[in-house]
Amino acid sequence: MSKIINSVILCLILCSTLLYSGCISNETEEDFVSNQTEEKKVIELTDIDQHIITKVSVRNGLSGDLSTTNDRVKIEKLISQLDRYTLEEKDNQEPMFGYRYSIKFYSGSSKISKIVIVDSKIMEVDEVYYDVINSSFDIATIDKIVGSI
């Protein structure tokens, strides 16, 4: 009988130690996955679907010039270029001032999404800031695409 009581006490001590040391977590696998930083592409972060975008307007943040196009080929080229980059949500969501390009995507007269290229490493997608993590924006290529609009 004394052996059983000693075993139960030992078991309780071990369980208590595990609970207090953090070896047993209340976090489920789902919680763990949601706490990890997610890397995404532009199309995943927006409602942009290349088959419904009918118009794009681009404002140059350096000059203030506004360009608009309904040309399907130019729209697809711009979306493809933007979607090349992997983005990760920034921890700091304080507003930033100034930008290189502000791009609005429309389906008919409805605005679908707004993307702002802040600089070569930061993009704002629908009012959420992201770091470009796999490389810097190829600003020269984006300049050419925007220049053709």
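Throughout, read-outs are computed from the coordinates displayed, never taken from laboratory work. Bear in mind that the values here come from a model prediction, so they are computed numbers and not experimental data. Ideal geometry is used to build each Cβ from the backbone, glycine not excepted, and the neighbour counts take in all protein chains shown.
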Of the candidates LYS90, LYS121, LYS114, the one satisfying the condition of being touching a strand residue (DSSP E or B) at 6+ places or on another chain (Cβ under 7 Å) and closer than 16 Å to ASP47 by Cα is LYS114
Taking region 58-81 and keeping residues hydrophobic (A, V, I, L, M, F, W, C) and closer than 14 Å to TYR101 by Cβ leaves VAL58, LEU62, LEU66, LEU78, ILE79
Hits in region 60-104 - residues which are closer than 14 Å to ILE145 by Cα and free of Cβ contacts under 8 Å to residues at least 40 places away in the same chain: LEU66, ASN70, ARG72, VAL73, ILE75, GLU76, ILE79, SER80
